[in-house]
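Everything on this sheet refers to the single structure shown next.
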Amino acid sequence: MRNSFIPYEVRLRLHTESIETIINALLEKQETLYSHYSQALSTNDDFEQERYSDDLADWNYELIKLAELLLVDISHWVEREMKLLLASVSGGYSHLARLDMKNLSNIFSKRGVDLEKIPQHWKLYVLRLFANSWKHGANPQPSEELCKALKIDTESCINSGAGLLTSKEVSKSLGSLLNLTEENSKHYEINIVRAYAMCAYNYLTTLEQKLN
């Protein structure tokens, strides 16, 4: 970005690597619990087996909820970076801070950038619907707009009470959107986060190049 001591691509890479550092720490904890559980299975100690089984189940659930939080972070990161990119070519941030995506899209269009023609745009639009669903409830449920974008049945998904990434329909559809096929992997939801982090990186890199 202009007027920065750190090249824009490097700054994007640093944020992407920070997400990966968080992910690795979460997976290290998961692997430790798997190891304890495997050791417990080799003994005749029913108490230890049940203890580590419960710990592992609890952590796997929390890992999915943390993956949701990271996806929300990526969505907000992209929106903030879009505003900073516009600020770098328009002389200030304050008039952009509270603009929604429709307003931002119009401003980019006036500068000759059609956001919808950037390959990752639809994926990030879906991510924004995901983030909005997450932040608008204590027990987040997919919105009708998110269900429609993911091509899943709205009524059955919402009424199931399964949530967002804890919903097999939502997580499988998100993975499909990102060309992931390992829905039975224990790292599947984390792989969704990784794919979205790279999607955001590529999108913002392209956007910065188009503004130059």
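The values are calculated or read from the model by the stated rules, or taken from the named source; none is laboratory data. Keep in mind the model is a prediction, meaning the values are calculated, not measured. Cβ atoms come from the backbone with ideal geometry, glycine included; neighbour counts cover every protein chain shown. SASA here: full protein model, heavy atoms, side chains in, ligands and nucleic acids out. Shrake-Rupley method; radii C 1.70, N 1.55, O 1.52, S 1.80 Å.
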For region 30-78, what does the alpha-carbon gyration tensor say about shape, rounded, prolate or oblate, given a ≥ b ≥ c as the root eigenvalues, a/c under 1.5 as rounded, and a/b over b/c as prolate? prolate
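Find the accessible area per residue for the chain; the probe is 1.4 Å, ligands and nucleic acids are left out, and the unit is Å².
Details: 11850 Å² over 212 residues.
Averaged over the residues of the chain, the accessible area is 56 Å².
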For Asn202 and Tyr61, FRET efficiency with R0 = 30 Å and r from the beta-carbon atoms, rounded to 0.05? 0.45
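What's the carbon and sulfur percent of region 54-179's accessible surface, probe 1.4 angstrom, rounded to a whole number? Each step should come with its number before you reach the end.
Numbers: 3240 of 6710 Å².
Carbon and sulfur atoms account for 48 percent of the accessible area of region 54-179.
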Spacing of the two label points (7 Å from each Cα toward its C-beta) at Asp54 and Asn179, in nm: 4.4 nm
So for region 97-166, using the alpha carbon gyration tensor with a ≥ b ≥ c as root eigenvalues (a/c under 1.5 gives rounded; past that, a/b versus b/c decides prolate or oblate), I'd call it prolate
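Show me the ranking of peptides 120-133, 77-90, 18-31 by mean Cβ neighbours inside 10 Å, starting with the highest. Mind dumping the intermediate values first?
Values: 120-133: 19.9, 77-90: 18.2, 18-31: 14.0.
Top of the packing list down: 120-133, 77-90, 18-31.
As a quick test, which of the pairs Lys83/Lys117; Lys29/Lys186; Lys83/Lys210; Lys135/Lys186; Lys65/Lys151; Lys110/Lys210 have an alpha carbon distance above 20 angstrom in this structure? Write down the numbers at each step before the final one.
Values: Lys83/Lys117 18 Å; Lys29/Lys186 13 Å; Lys83/Lys210 14 Å; Lys135/Lys186 25 Å; Lys65/Lys151 22 Å; Lys110/Lys210 13 Å.
Beyond 20 Å: Lys135/Lys186; Lys65/Lys151.
What Kirkwood Rh does region 24-173 have if only Cα atoms enter the pairwise 1/r average? Answer in Å.
This gives a value of 18.3 Å.
Suppose R0 equals 45 Å. What FRET efficiency, 1/(1 + (r/R0)^6) with r the Cβ-Cβ distance, do His95 and Ser156 give to the nearest 0.05?
Numbers: r = 43 Å, r/R0 = 0.97.
The calculated FRET efficiency here is 0.55.
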